[in-house]
Amino acid sequence: MIRRRWCACCVRTLIWVSVCFRSAVPAGAVVEPKTQPAIDEAVALVKRGVRFEEGLGVAVDQAEAARCYRKAADLGNTQGMVRLGLLYVFGKGVRQDNAEAAAWFQKAIDKGDRGGYVGLGYLYRGGDDEQAVGWYRKAAELGDADGMVCLAEMIRYGKGVGKNTGEEMKWLRKAIDAGSTHAMVLLGTAYVYGRGHVERNTGLGLSLLRNAADLGDVSAMLNLGHLYELKEGTGIAQDYSEALKWYWKAADLGAALAMTKLGILHLEGRGIDRDSEEALKWFNKAADLDYALAMAYLGIMYRDGVGVEKDLSKAAGYLREAAGRDCLWAKDELAKMGQTP
């Protein structure tokens, strides 16, 4: 029997939120290409970039995301400008370049997109937190939901501003009122686990997560699946049918973690009939998206001949792929086979 294993390097955090923005074209973004076809092309480019940046239905490819955002920005799409600027801040898919990031944020601001102020906040965050707070506050006061969330996070941790629970909650609630699923997930998980200054309120937490999931937030779906799958002392009854429902929804949106979870539940027969063929299908889907844990499971299935003909060569190949992506479990299993990564 294959034992369920986890390693931090394989499993993305369940509060699965981008450091930047949750939608391809959020409120406040300005799109100014000259013709409708150009507008449509720019919006499609940003959506494509988000998929490659976050690994939704495709393998993560930050360089491709940067190319998409640049093309959209060149067409006048301010969301493309802001997202490209953020890639320069973090050196994802492009060389790290603060000056280039600032230039793109300023271009977005000049076209009226308050998201540029949020970008400037990220530019200063960790180096000059007071400046970062100033830019986040400016965006928040102009009605930008992402600015509100970022400001609340800085207040929570006392970065560049004094800790103030009331002020933090005020901005998170404002962000939720503005439709931020990011804020719903943050506050929802805080209520479920009783984190920080928030008193545990499981019902309210689940309600916020469901609202975010119903609005299409993959992170909320993953969190709901996780909460219903595992007993974690949250007071939520284990319910595999609910877990499967949310994992299926997230998998349909291209989430490799959800695909891997579906593979595990089918493999182990939890909440559903044991079906190694179905498990193999889901692991293959996730592995095609470069998801290390799914590769590791494929390696074990081929090593042990579970649902497939035993093939030690294939097993070692999958385990090496996973180990090369820092999956510690895969490295351990390779060692047991007398193999090296």
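The numbers here are math on the coordinates, done by the rules we state, and not lab data. If you're wondering where the values come from, they're calculated on a predicted model, not measured in any experiment. Quick reminder, even Gly has a Cβ in these numbers, built from the backbone with ideal geometry, and neighbours come from all protein chains shown.
Radius of gyration (Cα atoms) of the chain, expressed as a multiple of 2.2 N^0.38 Å: 1.06. Annotation for Gln238 and Met337: the two label points, set 7 Å from Cα along the Cα-Cβ direction, are 3.0 nm apart.
Label-to-label distance, Ala59 versus Phe90, with points set 7 angstrom from Cα along the beta-carbon direction: 2.0 nm. Full extension of the segment from Glu277 to Glu141, taken as 0.36 nm per residue of separation minus the current Cα-Cα distance, would add 43.7 nm.
The distance linking the stretch 209-225 with the stretch 45-71 is 22 Å (Cα centroid to Cα centroid, whole angstrom).
On the basis of the beta-carbon distance and an R0 of 35 Å, Gln131 and Leu215 show a calculated FRET efficiency of 0.65.
So for each of 83-93, 274-284 I average, over its residues, the number of other beta carbons within 10 Å; can you give me the resulting order with the highest mean first?
83-93, 274-284
By the rule of a C-alpha distance below 20 Å, with chain neighbours fewer than 8 residues away ignored, the aspartates and glutamates paired with Lys281 are Asp252, Glu268, Asp273, Asp290, Asp304, Glu309, Asp311, Glu321.
Report, in deg cm²/dmol and to the nearest 500, the calculated mean residue ellipticity at 222 nm for the chain, where each DSSP H run with n ≥ 4 adds -39500 (n - 2.57) and the sum is divided by the residue count.
Theoretical 222 nm ellipticity from helices: -20000 deg cm²/dmol.
Placing R0 at 25 angstrom, the Cβ-Cβ distance between Leu253 and Ser207 gives a FRET efficiency of 0.75 after rounding to 0.05. Fully extending the segment from Asp110 to Asp40 would add 23.0 nm, taking 0.36 nm per residue of separation and subtracting the current Cα-Cα distance.
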